[in-house]
Amino acid sequence: MPRLTHFEWTEVAIGKIQTITPTDGEAVEPLTPEAHISQILGIEAAARRGDKRPTLVYFHWPHDHPKHGKLTTTLCTRILDDEMAARWGKLFRCVQIDMSRTESDLAERIGCKGKPGFAALDRDLKVRAAFVGPKSSSKLTKAIEKAFGKFKDQKKELKRELGEQAKLIKEARALEKAKRYDEAVTTIDKVRFGDVRVGPHWEKSVKYGQLLAQKAERAKDGR
């Protein structure tokens, strides 16, 4: 199969907590470190949108960094450039942290081990998993999959969605048998263009969707 899935990183930096100067004599409560980090990572905004995915952060150093540049470059140019790792990555909100502009003590609060690496966070900034950048894409895939397994609710939802995918494929096959090809394509598209790309059904749906699209096109041409 051609490459179809990529990581979608939101790039941020966790700077110092800004001091808020009171106006008109009103007392202003300073942000806690947790609230400050959560705001920058977009966790609150995601929750308001109904996005229940956990957050995967990538602690990224400049590629020319004298100590960490080599590993960061390897991660960015080779290890992260992988279909299977990216498929598991779609089950997270992916945030890349610019460590050249980030306070190290704040990064440590969310799992930074002082090297290029990753951490999986829940809505309360609890670190469910943290690991230094692995040296192969297969190890990265396994690490992200293992991290996802730490989120009980999301794991349960994934199981439900995999069941739904199986039902949609079965429905598409019934529509194909009835020669209702356009409807079959619409049905299978719910699987092949969805965000759940792990498990036994997604690759199957991509190939099957292409076949159904060809049948639908031939039916329109009267062939």
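Can you find a residue that is free of Cβ contacts under 8 Å to residues at least 40 places away in the same chain, within 26 Å of K52 (Cα to Cα) and outside any helix (DSSP H, G or I) anywhere in the stretch 183-193?
yes
So which residues in the stretch 134-156 are basic (K, R), in a helix (DSSP H, G or I) and surrounded by 15 or more Cβ atoms within 10 Å (Cβ to Cβ), if there are any at all?
Hit for the stretch 134-156 is K142, nothing else.
So the check is Cβ under 6 Å with 6+ separation or different chains; which pairs have a first residue in the stretch 1-12 that's surrounded by 14 or more Cβ atoms within 10 Å (Cβ to Cβ) and a second one that's of a type in the set (D, E)?
From the stretch 1-12, the pairs are T5/E83.
Search the stretch 122-133 for residues being out of contact with any Gly (no Cβ under 7 Å at 6 or more places or on another chain) and on the phi < 0 side of the Ramachandran plot, and hand back the single one that is most open to solvent (accessible area, probe 1.4 Å).
Checking each candidate, the answer is R123.
Among (1) at pLDDT 95 or above; (2) open to solvent by less than 40 Å² (accessible area, probe 1.4 Å), where does A35 come up short?
Among (1) at pLDDT 95 or above; (2) open to solvent by less than 40 Å² (accessible area, probe 1.4 Å), the lone unmet condition for A35 is (1).
Look at the stretch 174-195 and say how many of its residues are surrounded by fewer than 18 Cβ atoms within 10 Å (Cβ to Cβ) and under 24 Å from D82 (Cβ atoms).
Residues flagged as surrounded by fewer than 18 Cβ atoms within 10 Å (Cβ to Cβ) and under 24 Å from D82 (Cβ atoms) within the stretch 174-195 amount to 3.
Of all residues in the stretch 43-55 being small (G, A, S) and in contact with a Lys or Arg (Cβ under 7 Å, 6 or more places away or on another chain), which is surrounded by the fewest Cβ atoms within 10 Å (Cβ to Cβ)?
A47
Looking only at the stretch 57-116, count every residue that is open to solvent by 60 Å² or more (accessible area, probe 1.4 Å) and assigned to a helix (DSSP H, G or I) and tell me the total.
Within the stretch 57-116, residues that are open to solvent by 60 Å² or more (accessible area, probe 1.4 Å) and assigned to a helix (DSSP H, G or I) number 10.
The values are calculated or read from the model by the stated rules, or taken from the named source; none is laboratory data. In this text, all values refer to a predicted model and were calculated from it rather than measured experimentally. Cβ coordinates were reconstructed from backbone atoms using ideal geometry, including for glycine residues, and neighbour counts include every protein chain displayed. We work out accessible area using only protein heavy atoms, side chains counted, and drop any ligands, DNA or RNA first. Shrake-Rupley method; radii C 1.70, N 1.55, O 1.52, S 1.80 Å.
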